Structures are given as C-alpha cells and as structure tokens.
Amino acid sequence: MCAIVGIFGNENASRLASLALFSMQHRGQEATGISSSCNGKIYTKKNSGLVSEVFNEEALKYLKGNMAIGHNRYSTAGSDSILDAQPVFAKYKLGEISIVHNGNLINKDEVREELIDRGAIFQTGMDTENLIHLIAKNSKCRLQDRIIEALNKTIGAYCFIIQSRNKQFVIRDRYGIRPLSLGKLKSGGYIVASETCAFDLVDAQFVRDVKPGEMLVFSEKTEEPESIQLFEPNFRPCAFEYVYFARPDSVIDGKNVYRTRENMGKTLAKNDLNNGIKVDMVVPVPDSGVPAALGYSVESGIPFEYGIIRNHYVGRTFIEPTQEMRNMKVKMKLSPMRSLIEGKSLLVIDDSIVRGTTSKRIVKMLKEAGAKEVHFRVASPEIKFPCYYGIDTPSKEELISHRMTKDEICEYIEADTLEYLSVEDLVESIGNDRNYALESFNGDYFVTQ
Ligand code: AMP
C-alpha cells in the first residue's frame, strides 16, 4: 500500500512534502519519512508514527533544499521495524541517492539472492533496497542509465521516486498498477503524488497521471520534466484502489473514486430490485461503506441512516495483528445507534470482506442492539486470492471467501442475507473502458517473470 510524494523546484519542498503525506495518511500509518536535497547533500528524517508526530518545525528546518521526496509506510504484520521506513538512503560511487517506493516487487527474492551471492549486504527486509544495490553495482556513468538498467531487472508493481543531489526520477511500472499523478504547484515547481487528494492541501493544479511505463526526469536545467517511455505500456490499474484503498476525493487515472464507489452501491441496489426483502434503512459501515451506501439509497429510495458510529481515535499501531486483538479493535471502533435501529430491518453496506472479522462483529453488534434483520451487502466481489501487487491482503487460508461459499459466509456472520458485487458489476461500476488488475477476485496474476 503506502504513499509516495516528490516535490521539485520549490524552496518549501520538505514542508510541502509533509503536507502531501499528511493528506495521504490513510495509505500508511506505521512510519513516515522525507529526504531533501541541498548543495549536493541529501538530508533524511524518518521514524515510526504519523506524519503529524514525526514532522515538527525542527525536522522541517533540517530538511533544507528545493527538492524532497517522502513516504508513508503501511503496517504489514510482523514488520514494524524502523529499519523498514523509507526513504531508503545510500552513498555509492556517483554520490548520494534516496528512494521511495509504492508497490511490491515480485522477483525480489531471486534478485536479492543473486546480489548476496555477489557480496551485497542488506540492512532491511525491503524490496526497495534491491534497487539501490542494482543501481550501485552498475558500471554506467550516468545515474539515469543505471536506473534504467536496474529497472530492467525489476518485475512487479511499482511507483518509484529516486532523488540524487540535483535530480528526481519518477517511474511508474508498465501496468500502471499503483496510482501516480503529476501536479504543478502554484507557489512554483512540481509535485508527484500517489493520490490527487494531496494536491489540494499544497495548492497544486493537476497536470496529468504519470503514464504506465513512463519515466519523468526533473532537473534544474529544464523548466518542464523530461518524459521517457521506458517500457511498452500494458495498462492494468488496481481495482482495489477504487474499492477501498484510495481517498474518495482522489481522481485516479481519470476516475473520481467517490463516484465509482457510489456506482458500486447503485449496482448493489439494482441487483436487489426483485429479491422481495423489505428494509427500513441503508446503513454504511463507516467510513469505507459510506459512498456505496449513499449510492444504494439514491437508487433504491430507501433512507440512508448512520446506524453505526465510528470512533476515529482508534489507531492502527495501537493493536497487534492477532485475531483476538482484531475482534477487540472492531468493538472499540464501531458502536450501534440503538435508538435508530431498534426493531428495524437494516441493509448494511461495507466495501469488502477480507477475513470476515468486521462483518461478523457488526452483525452481532446490530442484533444485540435490537435490529430485527441485518442484510449484509458488500461493494466488491469475494476476495479469494492474495494480492502480490502492493495491497496488504492476508494469505489464501485467512481469506474467508477462499474457505467458504457465499451461503456459508452468510451463516458464519449470522446475517439474514448476504450479497456481493460480481466481477463484471465491479468493472462496470468503475468504468469498463479498460482492463483492471482484479487478481484478488479472480486470481489473474498477470505480472509474470
Ligand atoms: P475483515 O474484517 O478482515 O473481513 O476486513 C474487512 C474490513 O477491512 C472492511 O471493513 C474493509 O473496509 C477493511 N479492509 C479491506 N481491505 C483491507 C486491507 N487490505 N487492509 C486493511 N483493511 C482492509
């Protein structure tokens, strides 16, 4: 998951990078970091915690220079080491470089083994460190050529921003799996960010998305970034960004995330037209189910009600990723609006079911609070396969839809009825003008060696 940002050609580069990271906090809360560049030297600050905790005035003062790159790290089970925070910084033959990465490199183990055989020493468990080694061990004179050669050995889903003492290189993989957009700062210079929601806070105008397979080179010598098409594009943007991951106010590859989620809810309502179920209200699981629930309500004419209230102060780092703690976390996070739902039939919408923890707990909670019926609707298809392209889904065995049929899940979560979107419905809701990455739903692992 994760968020990345690059600011180039602005005297407040690190401050703007920290603001952009703040707007993309939803993409990762475990750790955050920024590298700036000034007079041939790279300055880096990174730590575990939220952007607002790590970047105080003192840190921003230290991060001087008119270019900066930044990263928010998403918490994955068993890897909360500060060593795994980004940017990854290194000194090598041509000077200093710093790298941020969003995605997942699928040939990381082979590449790492080969590098270790050739004597490389690794400091972290991150696949991003492979790229540093590949760049450092290359014999080309120009950094740009070294990066291109390193990328030729790199397979997977990636958006990279690489910063040297005076340049920034931005690369999106040939499938464009993870999002990346270019904006122009009103106060001067450019921004590249994982999501366009970062542009509002720093007063930037959206220019365009970075193209699949494209490298942008920012340098002091040219006003505009240079564009190099490195790889033949085969556009397969990740559908899960629209389902769950991105912020609703972001526009990803030309599609407003909120609208796509609203469409998913409308489609669920259309599918329910002749099912004979009578419900009193549509209730979202906050916050992820809200746009789909609004869409359902508009399409069906059934009132939308906040039947579940979310406590926004339950942090992710607070709780260990064990099943017991996950159960507790749902309880701490979500509470029923008793007076609203007592004796009522509810249609509850969430964006996805992964392990089944949240949905089971919610149905139980709503029934204990007096709901007569709970009909559960999911604004995505059944997640049957793990994602290896940068979304943190658990192993196959942990995915409830891998182990159980829809009817078995309905019984397990104790809902009165359960419906998902079909894969075709999902594609239609986002817009069927392109080929999406849908591997979590259909097992199509198209990124091959
Ligand atoms: P679960 O309780 O494991 O079934 O997870 C479902 C809940 O987690 C839903 O409320 C989703 O909004 C949320 N969710 C979906 N995908 C992810 C993910 N990759 N990481 C964290 N939360 C997720």
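The values are calculated or read from the model by the stated rules, or taken from the named source; none is laboratory data. Computed from a predicted structure; not experimentally measured. Glycine gets a Cβ as well: all are built from the backbone with ideal geometry, and neighbour counts include every protein chain shown. Surface areas here come from the heavy atoms of the whole protein model, side chains and all, with no ligands, DNA or RNA. Shrake-Rupley method; radii C 1.70, N 1.55, O 1.52, S 1.80 Å.
Residue count for the stretch 365-381 satisfying the condition of being surrounded by fewer than 24 Cβ atoms within 10 Å (Cβ to Cβ) and within 27 Å of R174 (Cα to Cα): 1. All of P233, P179, P212 fail the test of being outside any strand (DSSP E or B), more than 20 Å from the chain's Cα centre (by Cα) and closer than 27 Å to D433 by Cβ, apart from P233. Confirm whether L216 is open to solvent by 10 Å² or more (accessible area, probe 1.4 Å), assigned by TED's automatic domain parsing to the domain that holds R142 and either under 21 Å from R178 (Cα atoms) or hydroxyl-bearing (S, T, Y) (or both). It is false that L216 is open to solvent by 10 Å² or more (accessible area, probe 1.4 Å), assigned by TED's automatic domain parsing to the domain that holds R142 and either under 21 Å from R178 (Cα atoms) or hydroxyl-bearing (S, T, Y) (or both). Residues in the stretch 82-91 that are in a strand (DSSP E or B) and either over 25 Å from the mean Cα position of the chain (by Cα) or crowded, with 18+ Cβ neighbours inside 10 Å (or both): V88, A90, K91.
Where in the stretch 92-155 are the helices (runs of 4 or more DSSP H), entirely inside, with at least 3 residues that are touching a Lys or Arg at 6+ places or on another chain (Cβ under 8 Å)?
Correct list: 128-136, 143-152.
Look at the stretch 345-369: where a residue is at positive phi and a partner is open to solvent by 40 Å² or more (accessible area, probe 1.4 Å) and assigned to a loop (DSSP other than H, G, I, E, B), sitting 6+ places away or on another chain with Cβ atoms under 9 Å, you get G356/M404. The condition of being in a helix (DSSP H, G or I) and either in contact with a His (Cβ under 9 Å, 6 or more places away or on another chain) or open to solvent by less than 10 Å² (accessible area, probe 1.4 Å) (or both) does not hold for E195.
Please find, within the stretch 125-156, the residue that is surrounded by the fewest Cβ atoms within 10 Å (Cβ to Cβ) out of those that are modelled with pLDDT under 95 and small (G, A, S). Applying the filter and picking the extreme gives S139. For the stretch 1-18, taking the residues that are closer than 27 Å to V243 by Cβ and open to solvent by 10 Å² or more (accessible area, probe 1.4 Å), the one that is nearest to the ligand (Cβ to nearest atom) is identified as M1.
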